[in-house]
Amino acid sequence: MQRTLVILKPDAVQRRLVGRIIERFEAKGLKIVAMKLMQVTPELAERHYGEHKGKPFYEPLLKFITSGPVVPMIIEGPEAIGVVRAMLGPTHGAEAAAGTVRGDFGMSNRYNLTHGSDSPESAAREIALFFDDDEIVDYRLDDARWVSELIDPR
């Protein structure tokens, strides 16, 4: 199983889209193993987006992510990173396909509703920034075998 960090950004919280976005992950068969409502501090924002320091969008990005509450969560499932990123759609909402989170709910490039880790290395680093080990709950979903169990073709 793979884990990824998803952040529902201030615009998703302010627009009351949190439940609708979470519902999509659950309907897909992914499992939420950690989730909280929090305010991102400037220090956390700098650590999270440090790779973008010096780029023209860096300062506006820090201002945006710290502008209101966010909902970070750890999502688990087979190929969770790729599956989640496909569900979110491209960064620019106006260019995102219908059926994706950004395609259905977004129009902006900067106010793009969500963040999803882009690799296993990024996911591990980002999860550690937002969650302590004791905040992650390991549990079994009773319907998991009906959602993602591989079927023997014989």
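The values are calculated or read from the model by the stated rules, or taken from the named source; none is laboratory data. Everything quoted here is computed from the prediction, not taken from an experiment. In this analysis, Cβ positions are derived from the backbone assuming ideal geometry, glycine residues included, and neighbour counts consider all displayed protein chains.
Out of the residues in region 57-78 meeting the condition of being modelled with pLDDT under 95 and assigned to a loop (DSSP other than H, G, I, E, B), tell me which one is farthest from E121 (Cα to Cα).
For region 57-78, the residue satisfying everything is F57.
How many of the residues in region 83-118 are of a type in the set (K, R) and modelled with pLDDT of 95 or more?
Final tally of qualifying residues: 2.
Could you identify the single residue in V71, V83 that is closer than 24 Å to G99 by Cβ, touching a residue at least 60 places away in the same chain (Cβ under 8 Å) and either under 15 Å from the mean Cα position of the chain (by Cα) or surrounded by 16 or more Cβ atoms within 10 Å (Cβ to Cβ) (or both)?
The conditions single out V71.
Find the residue count for region 100-116, including only residues that are within 13 Å of I21 (Cβ to Cβ) and either of a type outside the set (S, T, N, Q) or assigned to a loop (DSSP other than H, G, I, E, B) (or both).
Summing the residues that are within 13 Å of I21 (Cβ to Cβ) and either of a type outside the set (S, T, N, Q) or assigned to a loop (DSSP other than H, G, I, E, B) (or both) in region 100-116 gives 11.
Looking at E51, E43, E26, can you tell me which residue is charged (D, E, K, R) and under 25 Å from A144 (Cα atoms)?
Only one candidate qualifies: E26.
Quick check on region 125-143: of everything there that is touching a residue at least 12 places away in the same chain (Cβ under 8 Å) and assigned to a helix (DSSP H, G or I), which residue is nearest to I75 (Cα to Cα)?
I127
Rundown of residues vs (1) over 24 Å from E76 (Cα atoms); (2) touching a Gly at 6+ places or on another chain (Cβ under 9 Å); (3) aliphatic (A, V, I, L, M); (4) buried (at least 17 other Cβ atoms within 10 Å of the Cβ), yes/no style:
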{"site": "L8", "(1), (2), (3), (4)": "no, no, yes, yes"}
{"site": "F25", "(1), (2), (3), (4)": "no, yes, no, yes"}
{"site": "G29", "(1), (2), (3), (4)": "no, yes, no, no"}
{"site": "K36", "(1), (2), (3), (4)": "no, no, no, no"}
{"site": "E43", "(1), (2), (3), (4)": "yes, no, no, no"}
{"site": "E46", "(1), (2), (3), (4)": "yes, no, no, no"}
{"site": "K55", "(1), (2), (3), (4)": "yes, no, no, no"}
